[in-house]
1. Residues of the range 245-262 being of a type outside the set (Gly, Ala, Ser) and open to solvent by less than 50 Å² (accessible area, probe 1.4 Å), which ones?
2. For a quick check of your reading of the model, give me the residue pairs whose first member lies in the range 246-275 and is within 26 Å of residue 131 (Cα to Cα), whose second is of a type in the set (S, T, N, Q) and assigned to a loop (DSSP other than H, G, I, E, B), with beta-carbon atoms closer than 6 Å and at least 6 apart or on different chains.
3. Looking at the structure I just gave you, is residue 207 polar (S, T, N, Q), in a strand (DSSP E or B) and either modelled with pLDDT of 95 or more or under 25 Å from residue 272 (Cα atoms) (or both)?
4. I'd like to know if the range 159-166 contains one or more residues that are open to solvent by 60 Å² or more (accessible area, probe 1.4 Å), assigned to a helix (DSSP H, G or I) and on the phi < 0 side of the Ramachandran plot.
Amino acid sequence: MAIAIAILAILVVAVVTLLLTANRRRATTGELSRETRERDASRRSDADEAEGRERADDTRAEIERGEATPAVRQPAGVARWEPVDEEEIGVSRRQFLNRAILGAVGLGLASFGGAALGFIWPIGGGGFGGKIRAGSIDELLGKIAETHAPVYVPEARAYVNPYPSSAVAAAEAAGYPSAAMPGLEAGLITLSQRCPHLGCRVPWCQTSQWFECPCHGSKYNRVGEKRDGPAPRGMTLWGVTTDGGVLTIDTGVEYPGMPIGTDTTEQKPEGPSCI
């Protein structure tokens with residue numbers, strides 16, 4: 001609010017200054033300054049005035065005697081308009097201003113269009129929004145077994161956790177997205193770090209072996225299925241591929257988590273809760 005008031009005050013001062021300057025210029029246009037008038041008056045003398053008066057009297061007397069004739073102004077002829085050659089003019093002021101304005105508007109629209117296209121154009125290649133190599137499936141399973149915690153892939157903003165082979169049939173029956181099934185069949189599930197409730201990052205609780213959101217208390221089992229709290233569904237899933245024994249996460253499309261009540265692994269808390 002203060003910035004808006006300051007800008008308004010600056011604009012008012014600028015307008016008043018322009019008006020005063022314009023009035024001053026309008027009042028003084030065509031008039032000699034006081035210094036000029038005083039300088040001309042100081043240079044004028046009585047002798048100069050007398051000499052000029054004498055020359056005027058002599059000229060008048062010569063005209064009366066017929067020795068001189070007064071100058072007669074000849075009537076001026078009508079000026080004939082001739083079109084100006086466009087090549088001589090080149091670019092007129094109006095053409096220059098029109099082209100400058102159109103160029104500025106075109107440049108602005110082109111910049112805005114480029115920025116808009118860059119914003120809505122899908123991101124390809126690596127990085128979030130594209131396909132990200134998470135690593136070898138065997139290495140991921142080995143690291144999870146060693147730490148008893150999911151592997152976090154920061155580029156994909158995702159957790160990779162084991163999925164029991166005995167529950168794959170239950171996952172198919174529960175309606176898991178087909179894009180996530182290659183990972184489940186390889187023994188891994190890939191989950192987004194964001195809580196489906198309000199978007200908080202869901203940390204892993206080492207004691208309960210569940211995901212537990214500290215923001216509002218939502219809890220999810222090891223494979224991201226909702227077990228408690230206000231979340232409307234399970235954790236969001238990413239599609240994966242397992243070509244050549246390497247897990248690749250496709251972060252271009254996210255898949256909503258499984259509905260409330262889905263429990264394909266029947267995993268219970270394995271220790272105290274972290275929240």
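The values are calculated or read from the model by the stated rules, or taken from the named source; none is laboratory data. In this text the structure is predicted, and so the values were computed from the model without any measurement. Backbone-built Cβ (ideal geometry, glycine too); neighbour counts: all protein chains shown. Please note that ligands, DNA and RNA were not included when accessible areas were found on the heavy atoms of the full protein model with its side chains. Shrake-Rupley method; radii C 1.70, N 1.55, O 1.52, S 1.80 Å.
1. In the first step, residues of the range 245-262 are kept if they are of a type outside the set (Gly, Ala, Ser); the result is 246-251, 253-256, 258-260, 262.
246, 247, 248, 249, 251, 258, 262 - these are the residues of the range 245-262 that are of a type outside the set (Gly, Ala, Ser) and open to solvent by less than 50 Å² (accessible area, probe 1.4 Å).
2. 254/236; 257/236
3. Working: polar (S, T, N, Q): yes; in a strand (DSSP E or B): no; either modelled with pLDDT of 95 or more or under 25 Å from residue 272 (Cα atoms) (or both): yes.
In short, no.
4. Kept after step one, since they are open to solvent by 60 Å² or more (accessible area, probe 1.4 Å), are these residues of the range 159-166: 165-166.
Checking the rest, the ones that are also assigned to a helix (DSSP H, G or I) come to 165-166.
Next cut, on the phi < 0 side of the Ramachandran plot only: 165-166.
There is at least one residue in the range 159-166 that is open to solvent by 60 Å² or more (accessible area, probe 1.4 Å), assigned to a helix (DSSP H, G or I) and on the phi < 0 side of the Ramachandran plot.
For (1) modelled with pLDDT under 80; (2) part of a helix (DSSP H, G or I); (3) open to solvent by 100 Å² or more (accessible area, probe 1.4 Å); (4) farther than 30 Å from residue 156 by Cβ, each residue gets a yes or a no:
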{"position": "80", "(1), (2), (3), (4)": "yes, no, yes, yes"}
{"position": "83", "(1), (2), (3), (4)": "yes, no, no, yes"}
{"position": "91", "(1), (2), (3), (4)": "yes, no, no, yes"}
{"position": "98", "(1), (2), (3), (4)": "no, yes, no, yes"}
{"position": "103", "(1), (2), (3), (4)": "no, yes, no, yes"}
{"position": "107", "(1), (2), (3), (4)": "no, yes, yes, yes"}
{"position": "114", "(1), (2), (3), (4)": "yes, yes, no, no"}
{"position": "119", "(1), (2), (3), (4)": "yes, yes, yes, no"}
{"position": "124", "(1), (2), (3), (4)": "yes, no, no, no"}
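Yes/no matrix, rows are residues, columns are (1) among the small types (Gly, Ala, Ser); (2) assigned to a loop (DSSP other than H, G, I, E, B); (3) modelled with pLDDT of 95 or more:
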site	(1), (2), (3)
215	no, yes, no
234	yes, yes, yes
240	no, no, yes
273	yes, yes, no
